[in-house]
Amino acid sequence: MTDDKNIFNKELKVINIGIDTFPKDLKAQGVDVISVDWRPPAGGDLDMLKLLEKLEG
Amino acid sequence: MNDPTPKNHPRENMTFRDNFSAVSIGSVAALRMTKGVEGQVHSVFRRVINLEIPNEGLISLVGSEIGRGPLYISVEIPPHIDFTTISVERGDRVIRDENLVKVSANILDISLENAVLWEPMKQFSDIVAYSDIESNLTILLRLATRFGNHSDLYQLLKCYKSFVDDDKELTELNPVSRMALPQVMKLLDAIKLGNTENIVQSVMKLVGLGPGLTPAADDFLVGLMLSIFYMAENSNPGKIRVQDALNDIQSCIHGRTTRISEEFLLQAAIGNGNEIIQTLLEALLTSNKIDLEQSAHKVMSFGGTSGIDMIIGIIFGVNMMLSDAYTKSHLF
Amino acid sequence: MTKRVIVKTDTYRDSVILMRISNSITEVEGVQQAAIVMATALNKDLLENLDLLIEDVVEATPSDLVIAIEAKDEASIEVALLEVDRLLTTRETSEEGEVIPKTLSSAIRELPNANLVMISVPGEYASREATKALRRGLNVFLFSSNVSIEDEVKLKQLAVENGLLMMGPDCGTAIINNVVLGFGNSVRKGTIGIVSAAGTGLQQVSTIIHDEDFGISQAIGIGGNDLSKDVGGLMMIEGIKRLAEDSATEAIVLISKPPDKEVSNRVLEAAKRSNKPVVVIFLGGTSEEIERHSVVSAATLEDTSKAVCALMKGKQPTRTIFTAERNEVVALADSESKEFTSDQQFIRGLYTGGTLCSEALVILSPLLGTIYSNSPLKQEYNLENSSMSKDHTCVDMGSEEFTVGRPHPMIDYTLRKQRIIREGEDPKTAVILLDVVIGYGSHDNPAGELIPPIKEARDAAKKEGRRLSFVANIVGTDLDHQNLRKQQKQLEEAGVIVMPSNAQAVRLAALIATKGTIADLLFEEDT
């Protein structure tokens, strides 16, 4: 395991996908965090999800 | 309400004049707004002011973050400035005095001193093979499917028959898609066959349809027109008579939609699109190092759902041109 | 159904605002459909198809904005129109220069040295997002549950192959580099590492270690299914490996419910190979297997915490029954139970932490026999209706049937408050047992939430000649923002007995409920 991938003892830089209370708590701990404005793919439309699945392989 | 006389009165509580510099001026805007020309404010938005130049057409003063385009004068404006709060109103007089665009007499001056002329680039270098264009198109389709769901025309993408069950009846379409779909299919067939009458009939049933200041179907047509124009200029398989089709479409735009949308449509019919669309098309068609996903996201975040509708139009347009190149369509 | 169609002449709003208006109207309760369009010829056709075309619209031109609403009554229309007016005149700005990424890729562009992705999207989308993150070389904290075992295996294999941590699915707690991820308590940084398949288990152990004046190097959450047969302890073994190699970690704690036998073997082998002192709690399991691997075993979360601290001090681990003296505890239990009616005999444990609830069941069963639960030790002790206690009952209120469509009970005390009052009404309830979890992710003032229903339940019971006993444990530290001392003081002033650990709270509750009759058994208990 390469040392540069080891997250221990490195400054955490976080990407948050989902609930927004998590980044709030991280910021309160002084952690750099960026949130992704995540939406369910295809708006939950089943036909489109099927299409999306095929396109993503 | 429809008073043609431009207003030109001093504002009582105004303390200073807003003075900004344009960084670029689109080729069509430059032609329309020559020295000495006078016009009126057509509409005012947070970061955009549209100007109507008599006998010429619309041009737009836009914050530079919006980007460059044939009708745009892109202006360096601080992020907090909101044009709707500075007393510029519809009907106010506009005049170009030497290199200064004066809006609403004493309220807003835009200097064209350092504005660089921007012309759409219609021919690209390093065009890739059709199979690569098709791969790129599939990526674009994936992005539109993943992120495009808040547009009323999103459901047009369900037409990808090879991916969806063939015999599934498309009854669950929303009202806008339901009205648009048969016309879109008719239009594409008519373009392929060079059938002017059908082109005109279907376009007349599309221009002005849908929500948005630029109605959804209009944005779709902008994307469609620009994509077939660019394909024809750069990668034409040869059989589809793109120029004829664009002329036919152009003939049925006037009077059927909002003024602003009309301008975008007319420009698209002659291959003039905004820079973000041009960049997306370049990413689709060339091996120039442009990130397709990034350029697609830029378009998708444009104007509510306008960008997504344009992309759906591009998808249909490029696909149609590719199916012209192959004997069988892979995507439809 | 009622309709209203309004034409605003010469009205230009950009498409973003029009979309906002449209979205906000359709969200108004009672609104059936709405159309916000410019009055072009085709949009008039559209409105006609929607049965929303009126005279004014027929006359309108493409520079006019049409707002058409159909709703169940006038009131809904009025609410919708207020929204429309507000949005038409608002100067609200949208994104002002701040880039809000919509995808992982664009987020990585904004934060190029990102090393961890926290994912809490709905389960059906979760493994997709986690896979993308791992492929981009990022560690993952996956809070989402309802991810298939097959997906979990794939994710963890991918992580291990790439030297990354895959914390979850169904992982609510971790502490990495002294940063709390998800739920969790502020603890000092130190030299004890934890790998845990149990969220509140991690919380209880880390906080007690902090109370013992030690600290946590890393606490790796691995999700509840890691030690199942299919997943095979992938992340626990990887976690042990990482802590073994971590120079800042001097001792390791492993927390889980009893794993599959083969998995248990491999995990304990890995623990032994670490060459560091290891304490293992397989909650509810036996100690032989663990001790066979020359690894220390503990039966409660408290014992686990104190055992590892003892090892750090070069001392032998001991078991805690109570920190207070026996006679003190017995006297306390007496004063609590002496006013019980003859009917009052049962414990009602209302838990927000699943592991804490399990620990309660493990401790109570040998003492009291059958304990019902919605996550019981044996299927025959399953509560038919999780909302209705039976005899001795400990309920995990963080379980799915309580959390569908609502926030977790650690944040939202509504259901627990109602349950306290209901339990109080049952003439057979003697003791109500509570866990009070503070720290990140939890309510800002649990005591403030609990005290009113406790008072109400007490008063109601008093009117019927009953005295209710309340016992609690606060899972937290002096560093947590809810102010542990203050929370404790408030609870005690309301007559709640606050014990230093869940295990002690549970034992005290048993002593009280049995009016002291199990004292001998309790103080000589084997586990």
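See the values below:
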| quantity | calculated |
| --- | --- |
| Loop-located trypsin sites (Lys or Arg not before Pro) in segment B:197-251 whose Cβ has at most 13 other Cβ within 10 Å (DSSP) | B:239 |
| GNM top mover of A:32, A:20, A:47 - chain A, alpha-carbon springs below 10 Å | A:47 |
| Too-long pairs where the Cα-Cα distance tops 26 Å, listed order kept, from C:229/C:306; B:205/C:8; C:338/C:489; C:8/C:72; B:192/C:44; C:417/C:462 | C:229/C:306; B:192/C:44 |
| Neighbourhood net charge (12 Å Cβ-Cβ; Lys/Arg +1, Asp/Glu -1) for residue B:25 | +1 |
| For chain B, share of DSSP beta bridges that run antiparallel, in % to the nearest 5 | 70 |
| Shielding by partners, peptide B:291-304 (average Cβ within 10 angstrom, other chains) | 3 |
| Segment A:3-56: Lys pairs at Cα distance under 20 angstrom, eight or more positions apart or on different chains | 4 |
| Spatial separation of Cα centroids for segment C:477-527 and segment C:144-182, in angstrom | 33 |
| Convex hull projection area averaged over all views, segment A:3-56, Cα basis, nm² | 5.7 |
| Whole-Å distance, taken between Cα centres, linking chain A and segment B:95-142 | 34 |
| P(r), alpha carbons of the protein assembly as shown - 20 Å bins starting at zero, rounded % | 13, 35, 28, 20, 4, 0 |
| Across C:241/C:276; B:289/C:102; B:158/B:298, pairs whose alpha-carbon gap is larger than 20 Å | B:289/C:102; B:158/B:298 |
| Helix-only [θ]222 nm of the protein assembly as shown, DSSP H runs n ≥ 4, -39500 (n - 2.57) each, per residue, nearest 500 | -12500 deg cm²/dmol |
| Charged-residue dipole, Cβ positions (Lys, Arg, Asp, Glu), the protein assembly as shown about Cα centre, Debye nearest 20 | 1200 |
| Residue of A:30, A:18, A:44 that the Gaussian network model of chain A assigns the largest fluctuation, springs spanning Cα pairs under 10 Å | A:44 |
| Inter-centroid distance (Cα atoms) of segment C:387-410 relative to segment C:29-79, Å | 46 |
| Segment B:53-194 - percent relative contact order, Cα under 8 Å, separation 6 or more | 11 |
| Point-charge dipole on Cβ atoms (K/R +1, D/E -1) for segment B:18-118, about Cα centre, debye to 20 | 220 |
| Packing rank of C:242-255, C:171-184, where each peptide gets the mean count of other beta carbons within 10 Å, highest leading | C:171-184, C:242-255 |
| Sparse-neighbourhood loop sites, GluC sites (Glu not before Pro) in segment C:407-505 - DSSP loop, at most 13 other Cβ within 10 angstrom | C:464 |
| Top of B:282, B:262, B:38 by mean-square fluctuation, Gaussian network on chain B, Cα under 10 Å | B:38 |
| Percent RCO, i.e. relative contact order, over chain B, from Cα pairs under 8 Å lying at least 6 residues apart | 18 |
| Between helix C:123-135 and chain C: long-axis angle, C-alpha atoms, 0 to 90°, nearest 10 | 80 |
| Counting DSSP beta bridges with both ends in the protein assembly as shown, the antiparallel % (nearest 5) | 40 |
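Bear in mind these aren't lab numbers, they're just calculated from the coordinates by the rules spelled out. Here the structure is a predicted model, which is why all the values come from computation and not from measurement. Please note: Cβ atoms are built from the backbone with ideal geometry, for glycine as well, and neighbour counts cover all protein chains shown.
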